[in-house]
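S.K.: Below is one structure. I have some questions about it.
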Amino acid sequence: MRALARADDSAATSRGRRWPLPLAALAAICYSSWLLAPIFSPLHDPVRSYVSELAASKEPKALFYQLMDLTAGAAIYTACILVIWCDRPGWKRAMPFVLLGCFGLVTIIDALLPLSCTPTSDQICALEESLGLVPLAHQLHLYSSTTVGLLGAATVMWSSVYAWRHQTPAELRVGGLVLAVVHLLTLGWTTLAALDVIGVGLGVAQRISLMTLTIWWVLLFTLWHRSPGRGLPEA
C-alpha cells in the first residue's frame, strides 16, 4: 500500500511539473497586455503615464486590462504553488517562488481595485488623488501597486544573490542578473519620476521594468522546468 501511495504521489508530482512553465508564460503574456495599448487605447500616452491607468474604471477598455492582470496574477500564483508542491524545496531555494506567488496574489487584488481615473492625464483626477477624494478602491490600488513593485524587486534581488552564491546555470546567473539590474534601475527611475524627482520618462521606465520582470520569470521557470533539482535550478 505504501509503495502504491508513493507511486501515485510520484505520478501526481510528474503531472504537476508540466504546468508551471506554461502558466508562467501565460502570466507573462497577460501581464504584457499594455503592449496592445497603441491599438486598444491610442490616446493613452506611454511616455508619461502609468500602465495601471489603462485599467482605470472610466477607460473604454478597462475591463480587458483588468481581466488580463487578474489572469496574470492567478497564473503566476498557481505556477509558484505547483513548484513548491512538486519539489518541496528548502526555504532559501523556495523563497523566489514564495515572493513571486505573493506578487501574483497582490496582482489579483490590484486588478480588482482599479484606479477610478487617470491622474497623469487628468488634472482634476490628480488633484482629487492628492487630496484623498478619490474612491476607496483607487486609494487602495496605490498601496497594492506599491506592494506589487516591492515584491517583484525582492524576488529578482533574492534570486540574483542566490544564483551567484550557489551553483546555478549560467543563464540564470548572467542573464538573470542583467534582467534584474535593468528591472531595478527602471523601477527606481519610475519611483523617482512618480515623486517628481525626475521629470521625464515615467511611462517608459515603468514599461521597461515590467517587461524585464516578465522575461526574468519566464527564464526562471524555463530553467526550473529543465532542471531535476528543487526550487532554484542547479547546474
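Every read-out reported here was derived from the displayed coordinates using simple, explicitly stated rules and does not represent laboratory data. These numbers come from a predicted model, not from an experiment. Don't worry about glycine lacking a Cβ; one is built from the backbone with ideal geometry, like all the others, and counts go over all protein chains shown.
S.K.: Across the range 64-106, how large is the tail of the calculated P(r) beyond 13 Å, expressed as a percent of all Cα pairs?
M.R.: Numbers: 461 of 903 pairs.
Considering the range 64-106, 51 percent of its Cα-Cα pairs are separated by more than 13 Å.
S.K.: In degrees between 0 and 90, to the nearest 10, how far off the longest principal axis of the chain does helix 20-31 point, with axes built from Cα atoms?
M.R.: Tilt of helix 20-31: around 10 degrees.
S.K.: Take the alpha carbon atoms of the range 111-154, find their center, do the same for the range 47-92, and report the distance between the two centers in whole angstrom.
M.R.: So the separation of the two Cα centres works out to 17 Å.
S.K.: Given Val161, Gln139, Leu184, which one lies farthest toward the positive end of the charge dipole of the range 62-207, if we put +1 on the Cβ of every Lys and Arg and -1 on the Cβ of every Asp and Glu?
M.R.: Farthest towards the positive pole: Val161.
S.K.: Which three numbers, in whole Å and largest first, are the semi-axes of the equivalent ellipsoid of the range 107-235 derived from its Cα gyration tensor as √(5λ)? Working shown, then result.
M.R.: Working: eigenvalues 240, 50, 21 Å².
Ellipsoid semi-axes (Å, largest first): 35, 16, 10.
S.K.: I would also like to ask the following. Give the Kirkwood hydrodynamic radius (Å, one decimal) of the range 25-113, defined as one over the mean of 1/r across all pairs of different Cα atoms.
M.R.: Result for the range 25-113 stands at 13.9 Å.
S.K.: Check Ser116: other-chain or 5+ apart residues with amide H under 5 Å from its amide H, H built from backbone geometry?
M.R.: Excluding prolines and chain starts, which carry no amide H, the hits are Ser57, His138.
S.K.: Taking Cα atoms, how many degrees apart are the long axis of helix 136-165 and the longest axis of the chain, rounded to 10 and kept between 0 and 90?
M.R.: So the helix axis and the longest Cα principal axis differ by about 40 degrees.
S.K.: For a quick check: with amide H placed at 1.01 Å from N, whose amide H comes under 5 Å from Ile198's, ignoring anything fewer than 5 positions away on the same chain?
M.R.: Here the answer is Ala193, since their amide H atoms fall under 5 Å of that of Ile198.
S.K.: Given only helices, namely DSSP H runs of n ≥ 4 each adding -39500 (n - 2.57), what is the per-residue ellipticity at 222 nm of the chain, to the nearest 500 deg cm²/dmol?
M.R.: On the way: 9 runs with 161 residues, N = 235.
That comes out to -23000 deg cm²/dmol.
S.K.: Please quote Rg/Rh for the range 175-215 to two decimal places, taking the Kirkwood radius as Rh and restricting both calculations to Cα atoms.
M.R.: Details: Rg = 10.0 Å, Rh = 9.9 Å.
Taking Rg over the Kirkwood Rh, I get 1.01.
S.K.: ³J(HN,Hα) across the range 60-68 via Karplus (A = 6.51, B = -1.76, C = 1.60, θ = phi - 60°), whole Hz, x for Gly/Pro?
M.R.: Per-residue couplings from phi come out as x, 9, 4, 4, 4, 5, 5, 5, 5 Hz.
S.K.: So which cysteines of the chain have no other cysteine's Cβ under 4.7 Å from theirs?
M.R.: Those would be Cys30, Cys80, Cys86, Cys102, since no other cysteine Cβ in the chain comes under 4.7 Å of theirs.
S.K.: Continuing with this model, one more query. Which of the peptides 102-115, 161-174 is most tightly packed, and how do the rest follow, going by the mean number of other Cβ atoms within 10 Å of each residue?
M.R.: Numbers: 102-115: 21.8, 161-174: 15.9.
Ranked by mean Cβ neighbours within 10 Å, highest first: 102-115, 161-174.
S.K.: A further question on this structure: Over all distinct Cα pairs, what is the inverse of the mean 1/r for the chain, reported as the Kirkwood hydrodynamic radius in Å? Working shown, then result.
M.R.: Numbers: mean 1/r = 0.0537 Å⁻¹.
It works out to 18.6 Å.
S.K.: How large is the Kirkwood hydrodynamic radius of the range 142-199, in angstrom, based on all distinct alpha carbon pairs?
M.R.: Values: mean 1/r = 0.0809 Å⁻¹.
Computed over Cα pairs of the range 142-199, the Kirkwood hydrodynamic radius comes out at 12.4 Å.
S.K.: If one takes the longest principal axis of the Cα atoms in the chain, at what angle in degrees, from 0 to 90 and to the nearest 10, does the Cα axis of helix 91-112 lie?
M.R.: Its long axis makes an angle of about 40 degrees.
S.K.: Right, something else. Explain nothing, just the number: dipole magnitude of the chain about its Cα centre with +1 on each Lys and Arg Cβ and -1 on each Asp and Glu Cβ, in debye rounded to the nearest 20. Intermediate values should be presented prior to the final figure.
M.R.: On the way: 16 positive and 14 negative charges, 244 e Å.
Around 1180 debye, computed over the chain.
S.K.: In addition: Using the Karplus curve 6.51 cos²θ - 1.76 cosθ + 1.60 with θ = phi - 60°, what ³J(HN,Hα) values do you get for each residue of the range 83-90, in whole Hz, with x for Gly and Pro?
M.R.: Per-residue couplings from phi come out as 4, 5, 5, 5, 9, 6, x, x Hz.
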